[in-house]
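Accompanying notes for the structure given below.
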Amino acid sequence: MADLTLTGVCKSFGKLEVIRNVDLQIEDGEFVVFVGPSGCGKSTLLRCISGLEDITGGTLTIGGERMNDVPAAKRGVAMVFQSYALYPHLRVRENMGFGLKVRKVAKPEIERRVDEAARTLKLDSLLDRFPRELSGGQRQRVAIGRAIVGNPEVFLFDEPLSNLDAELRVHMRAEISGLHKRLGNTMIYVTHDQIEAMTLADKIVVLRDGMVEQIGSPRDLYYRPVNTFVAQFIGSPK
Ligand code: ADP
Ligand code: MG
């Protein structure tokens, strides 16, 4: 089970309070989307959940376990970045297996998991290529593949499609949605694209200045925004 609970979570960088008292309950298997204006703290909140940043207040639990002081590698989460962050000198299969190799997983097991992830993401024919030989969409698929091979309980996506052109974005959105249906993992997805949020989310969290402005289903936010800020952000008629 990988439900998440954030209770009074705060994050400051020196005197700058970036995340302010966030309470949030995420169910196992839920697809949750964080939206909000640039600079409101979406990436920071994701990095706090992943363990790339320490929280400066409050409590974070994943699967019922307190994670405040648990290192990133032991949280059962995997993060996919906007910039792909692939190693240019490694082939696709080595990029995908890299994290497992670091964790000293046996070679045949790495191969098995990479092959399985490659089938899931239709990367079979690309395993021996280098990142520079791939299109943007293929690179992003490799980045997702690298996250999948670790069997994470929770996937974190930070604007994974914003470097892709419009057509490919629509295609990859469907792929991510399909992946969620197949794997059933908990997924947290940051975007500034309203359509992405409305189509992917079970639950949307609207952030503003490091605080939660509203949490609800896409329908709730569209038909019952708590204020004009949410309405404007979601594009509802209020
Ligand atoms: P978003 O992803 O919503 O655009 P971020 O989480 O990247 O927003 O940033 C939120 C705020 O935190 C911004 O004001 C940003 O400048 C600040 N911030 C983010 N990371 C750091 C850091 N490592 N040190 C200092 N300030 C940071
Ligand atoms: Mg960001």
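Whether any residue in region 192-205 is part of a helix (DSSP H, G or I), of a type in the set (Ser, Thr, Tyr) and surrounded by fewer than 23 Cβ atoms within 10 Å (Cβ to Cβ) is what I want to check. Within region 192-205 (the criterion being part of a helix (DSSP H, G or I), of a type in the set (Ser, Thr, Tyr) and surrounded by fewer than 23 Cβ atoms within 10 Å (Cβ to Cβ)), the answer is yes, since at least one residue qualifies. Looking at region 134-155, is at least one residue in a strand (DSSP E or B) and under 18 Å from the mean Cα position of the chain (by Cα)? Within region 134-155, one or more residues are in a strand (DSSP E or B) and under 18 Å from the mean Cα position of the chain (by Cα). Determine if region 31-51 includes at least one residue that is more than 16 Å from ligand 1 (Cβ to nearest atom), assigned to a helix (DSSP H, G or I), in contact with a Gly (Cβ under 7 Å, 6 or more places away or on another chain) and not small (Gly, Ala, Ser). No, the conditions are met nowhere in region 31-51.
Rundown of residues vs (1) surrounded by 12 or more Cβ atoms within 10 Å (Cβ to Cβ); (2) within 29 Å of Lys11 (Cα to Cα), yes/no style:
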| site | (1), (2) |
| --- | --- |
| Asp54 | no, yes |
| Gly63 | yes, yes |
| Met79 | yes, yes |
| Ile110 | yes, no |
| Leu126 | yes, no |
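Candidates Ala72, Ala78: the one that is touching a strand residue (DSSP E or B) at 6+ places or on another chain (Cβ under 7 Å), more than 16 Å from ligand 2 (Cβ to nearest atom) and at pLDDT below 95 is Ala78. Restricting to region 54-81, and then to whatever is small (Gly, Ala, Ser) and not in a loop (DSSP other than H, G, I, E, B), can you tell me which residue is nearest to the chain's Cα centre (by Cα)? Checked region 54-81; the qualifying residue nearest to the chain's Cα centre (by Cα) is Ala78. Tell me, please, whether a residue that is among the hydrophobic types (A, V, I, L, M, F, W, C), within 20 Å of the chain's Cα centre (by Cα) and either exposed (fewer than 11 other Cβ atoms within 10 Å of the Cβ) or within 16 Å of ligand 1 (Cβ to nearest atom) (or both) can be found in region 90-100. No: zero hits.
The values are calculated or read from the model by the stated rules, or taken from the named source; none is laboratory data. Every value quoted in this text rests on a predicted model; they were computed, and no experiment measured them. Virtual Cβ from ideal backbone geometry, glycine too; neighbours counted across all protein chains shown.
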